[in-house]
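Colleague: A single structure is presented below for examination.
The values are calculated or read from the model by the stated rules, or taken from the named source; none is laboratory data. Because the structure is predicted, anything quoted here is derived from the model rather than measured. Cβ placement follows ideal geometry from the backbone for every residue including glycine, while neighbour counts extend to all protein chains displayed.
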């Protein structure tokens, strides 16, 4: 697969099909990007699981935290890697040891490891690199367009005011 560009249909399909996301590198610090991505995805109905050895046994926003992917003890649909590109290789290898395998391995913005991606794809796993699921969800649902960002999508949907806030747009999931 060409990992320089991803068709919107692929990203949309991933975000619609996954239910359980294990975020490797999750943080309970509200100023860390992994925290607000975790919070955003949790708010969009995904079952979030944190992976962070220093926080294992605790919770982030009520979601469980484990030391490693292998400790989760239930199937995950997507392993999201919020670590650097070099660390992504061993994390992908850990994901490849899971049974069942995750459907998707998603590497955050600036994270790219082509060798690890090839290993995962050889096992039938979809790999997304150097993208943020929060940004992609917001872009494809139209939410990000509310702030004036050009999403390359045209929509007649307008945000509605509900109880003092705005409605959340969604990517309809399977």
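Colleague: Out of all the residues in segment 73-87, which are free of Cβ contacts under 8 Å to residues at least 60 places away in the same chain, assigned to a loop (DSSP other than H, G, I, E, B) and buried (at least 16 other Cβ atoms within 10 Å of the Cβ)?
Modeller: 76, 82, 83, listed by residue number.
Colleague: Also: Which condition number does residue 2 fail, the rest of (1) modelled with pLDDT under 95; (2) touching a strand residue (DSSP E or B) at 6+ places or on another chain (Cβ under 9 Å) being met?
Modeller: Here residue 2 clears every test but (2).
Colleague: So how many residues does segment 90-109 have that are more than 13 Å from the chain's Cα centre (by Cα) and surrounded by 14 or more Cβ atoms within 10 Å (Cβ to Cβ)? Don't jump to the end; show me each part of the working.
Modeller: Here is the first cut: in segment 90-109, the ones more than 13 Å from the chain's Cα centre (by Cα) are 90-101.
When the remaining residues are screened for being surrounded by 14 or more Cβ atoms within 10 Å (Cβ to Cβ), the result is 91-92, 94-96, 98, 101.
Total meeting the criteria: 7.
Colleague: Turning to a different aspect of this structure: Among the listed residues 64, 90, which satisfies the condition of being in a strand (DSSP E or B) and either at pLDDT below 95 or at negative phi (or both)?
Modeller: Details: 90 fails: in a strand (DSSP E or B).
Testing whether each residue is in a strand (DSSP E or B) and either at pLDDT below 95 or at negative phi (or both) leaves just 64.
Colleague: Among the listed residues 95, 118, which satisfies the condition of being modelled with pLDDT of 70 or more, part of a helix (DSSP H, G or I) and out of contact with any helix residue (DSSP H, G or I) (no Cβ under 8 Å at 6 or more places or on another chain)?
Modeller: Among 95, 118, only 118 is modelled with pLDDT of 70 or more, part of a helix (DSSP H, G or I) and out of contact with any helix residue (DSSP H, G or I) (no Cβ under 8 Å at 6 or more places or on another chain).
One line per residue, one yes/no per condition, for (1) touching a residue at least 24 places away in the same chain (Cβ under 8 Å); (2) out of contact with any helix residue (DSSP H, G or I) (no Cβ under 7 Å at 6 or more places or on another chain); (3) not in a helix (DSSP H, G or I):
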{"position": "23", "(1), (2), (3)": "yes, no, yes"}
{"position": "27", "(1), (2), (3)": "yes, no, yes"}
{"position": "40", "(1), (2), (3)": "yes, no, no"}
{"position": "49", "(1), (2), (3)": "yes, yes, yes"}
{"position": "70", "(1), (2), (3)": "yes, no, no"}
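Colleague: While we're here: Report yes if residue 151 is at pLDDT below 95, over 23 Å from residue 26 (Cβ atoms) and surrounded by 13 or more Cβ atoms within 10 Å (Cβ to Cβ), otherwise no. Don't jump to the end; show me each part of the working.
Modeller: Numbers: at pLDDT below 95: yes; over 23 Å from residue 26 (Cβ atoms): yes; surrounded by 13 or more Cβ atoms within 10 Å (Cβ to Cβ): yes.
Answer is yes for this residue.
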